[in-house]
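Colleague: Before anything else, here's the structure in question.
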Amino acid sequence: MGRPEKPLPNNQFNFPLLTLAAWLRERRTEARLRYADLAARTQTTQHPCSISTLQRAASAQAIPRLPVVEAYAQACGASIDQARRYWREARAQSRKGPNVVPVPRLINTPAELRLALQAAYARAGYMPLREMERRAQHGRLPTTTVSRMLQGVTMLSLSQLQAFLQVCNIPYQDQGDWTDAWHRAQSAQTHRATRELAAAVQPRRRVIEYDRHGSVFPPSYPTRHMTRFYRGYTQEEAAAYRETQHSDPLRRSVELAVRGE
């Protein structure tokens, strides 16, 4: 078995990380393997590891990469799912996630959906985005898109959401609630975008009158040499609006100006 390992550090405040390291050591002891044997066994896996990499993974000095933890557990014949759970807990402890998390069944807006997905990402151990993209496969989860979603800039598509939930180990029976939440958030986003587009296409109409020095007066102010601005009107609409107003001899010198703001 070789010389014994160094004791786990007593100045490590990430208790889940200590649990992960202790669990890995116990699995190696039960398998009666040296680190050289472990390293040799990992050469047949998708992530071959060196002796020093495996030793660092069980040292509790820093959180190891997930592929290393999986390769360590697989070489010992231990449960990979349990190894992932210990790793996620250690990663989640190292960073603070959202304090308030909406329940998927109660999500109605894109902001609520993003907050819930950020919390799911935290519970999954803040997996590196490149690792998430690799596990999703076939380009289903681009790192740029996920990064923008976590920053609150954009939403995931439905297929990207499904890949995200799978990588974050959301139980299959719960994914239907997330899909329904996505449809509600998408509907809310579409309606908002429609309202904003309508406001941009047809801005609010206003009539503002200025004197020759640029001072603002209400439309009914009786003064000469006044310029009337019809904001939001076309030239034809502004002319038609003028025809509907009462004729006033004091306003015969009013000039017509149109702003399409």
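The values are calculated or read from the model by the stated rules, or taken from the named source; none is laboratory data. Only a predicted model underlies this, so the values are computations on that prediction, with no experimental measurement involved. Cβ: placed from backbone, ideal geometry, glycine included. Neighbour counts: every protein chain shown. Ligands, DNA and RNA are stripped out before the accessible areas are found, and what is left, the full protein with its side chains, is counted by its heavy atoms. Shrake-Rupley method; radii C 1.70, N 1.55, O 1.52, S 1.80 Å.
Let's see how each residue does on (1) modelled with pLDDT of 95 or more; (2) of a type in the set (Lys, Arg); (3) open to solvent by less than 10 Å² (accessible area, probe 1.4 Å):
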{"position": "Leu117", "(1), (2), (3)": "no, no, yes"}
{"position": "Arg130", "(1), (2), (3)": "no, yes, no"}
{"position": "Arg134", "(1), (2), (3)": "no, yes, no"}
{"position": "His138", "(1), (2), (3)": "no, no, no"}
{"position": "Pro142", "(1), (2), (3)": "no, no, no"}
{"position": "Thr145", "(1), (2), (3)": "no, no, no"}
{"position": "Gly152", "(1), (2), (3)": "no, no, no"}
{"position": "Val167", "(1), (2), (3)": "no, no, no"}
{"position": "Trp178", "(1), (2), (3)": "yes, no, no"}
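Colleague: Any residue that is of a type in the set (Asp, Glu) and closer than 30 Å to Asp177 by Cβ - is there at least one of those in the range 32-42?
Modeller: No, the range 32-42 contains no residue that is of a type in the set (Asp, Glu) and closer than 30 Å to Asp177 by Cβ.
Colleague: Among Ala40, Ala78, which is open to solvent by 50 Å² or more (accessible area, probe 1.4 Å), more than 21 Å from Lys6 (Cα to Cα) and of a type in the set (A, V, I, L, M)?
Modeller: Exactly one of Ala40, Ala78 is open to solvent by 50 Å² or more (accessible area, probe 1.4 Å), more than 21 Å from Lys6 (Cα to Cα) and of a type in the set (A, V, I, L, M), namely Ala40.
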